[in-house]
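To start, the structure under review is shown below, and the notes come after it.
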Amino acid sequence: MKYATLVCSVPDWSMDEVLAYYDDRGACETEIQADKHGLQLERRRKKRLAAQEALILLTDVAHNLLAWTGHWMFPTGPYAHFGPLRLTQDILTLPGRLYFEHDRLVEVQLNKRHPYAEPVAEALHRLLKHFGNP
């Protein structure tokens, strides 16, 4: 048998609300650990405060992009369950070329022999359509 004590300093919350917020905290910590592993940021090796703050902000941006990109590119199907590690190591590192005209992306060429080339090409079309590009 296990026991725990939970202390809350917000007087207006019911016990159910306190427990719900506590559970949300646990989910948030799990997500942070997944991000650290997926982005390969196990430790922050910056000695200066400004560098640490910049790294934290960049990590937040990277987390949001990974979370959104996965849902936008693969809303359903076999790749929908990919987490940050699989997205960064398998999907977003796929070899290819980007072609720009007047600072606008006009073509993406992927290595056709890569096992994820076809589903990623379809996903990129979905992603571009999401943002109003044909």
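The values are calculated or read from the model by the stated rules, or taken from the named source; none is laboratory data. Everything quoted here is computed from the prediction, not taken from an experiment. Every residue, glycine as well, gets a Cβ built from its backbone with ideal geometry; the counts of neighbours run over all protein chains shown.
Observations on the structure shown:
- With respect to (1) without any contact (Cβ under 8 Å) to a residue 24 or more places away in the chain; (2) in contact with a Pro (Cβ under 8 Å, 6 or more places away or on another chain); (3) surrounded by fewer than 15 Cβ atoms within 10 Å (Cβ to Cβ), the lone exception for Leu110 is condition (3).
- Tallying residues that are under 16 Å from Tyr116 (Cα atoms) and either surrounded by 14 or more Cβ atoms within 10 Å (Cβ to Cβ) or modelled with pLDDT under 85 (or both) within segment 52-76 yields 4.
- Subset of segment 82-114 [in a loop (DSSP other than H, G, I, E, B) and of a type in the set (Asp, Glu)]: Asp103
- The set of residues from segment 125-134 being assigned to a helix (DSSP H, G or I), of a type in the set (A, V, I, L, M, F, W, C) and surrounded by fewer than 15 Cβ atoms within 10 Å (Cβ to Cβ) comprises just one member, Leu128.
- Of all the numbered requirements in (1) under 22 Å from Gln40 (Cα atoms); (2) of a type in the set (S, T, N, Q); (3) touching a strand residue (DSSP E or B) at 6+ places or on another chain (Cβ under 7 Å), Asn111 misses one, and that requirement is (1).
- In segment 36-49, the residues that are more than 16 Å from Leu85 (Cα to Cα) and modelled with pLDDT under 70 form Cβ pairs under 6 Å with partners that are outside any loop (DSSP other than H, G, I, E, B) and not basic (Lys, Arg), at six or more places apart or across chains, as follows: Arg44/Gln52; Arg44/Leu55.
- Positions within segment 6-23 being surrounded by 10 or more Cβ atoms within 10 Å (Cβ to Cβ) and assigned to a helix (DSSP H, G or I), in sequence order: Glu17, Val18, Leu19, Ala20, Tyr21, Tyr22, Asp23
- Among the candidates Tyr79, Tyr3, the residue that is surrounded by 12 or more Cβ atoms within 10 Å (Cβ to Cβ) and either in a loop (DSSP other than H, G, I, E, B) or of a type in the set (Asp, Glu) (or both) is uniquely Tyr79.
- Single residue of Ala121, Ala27, Ala117 found to be among the hydrophobic types (A, V, I, L, M, F, W, C), closer than 30 Å to Thr5 by Cα and out of contact with any Asp or Glu (no Cβ under 9 Å at 6 or more places or on another chain): Ala27
- Checked against the criterion of being on the phi > 0 side of the Ramachandran plot, within 20 Å of the chain's Cα centre (by Cα) and of a type in the set (Gly, Ala, Ser), segment 64-83 has at least one qualifying residue.
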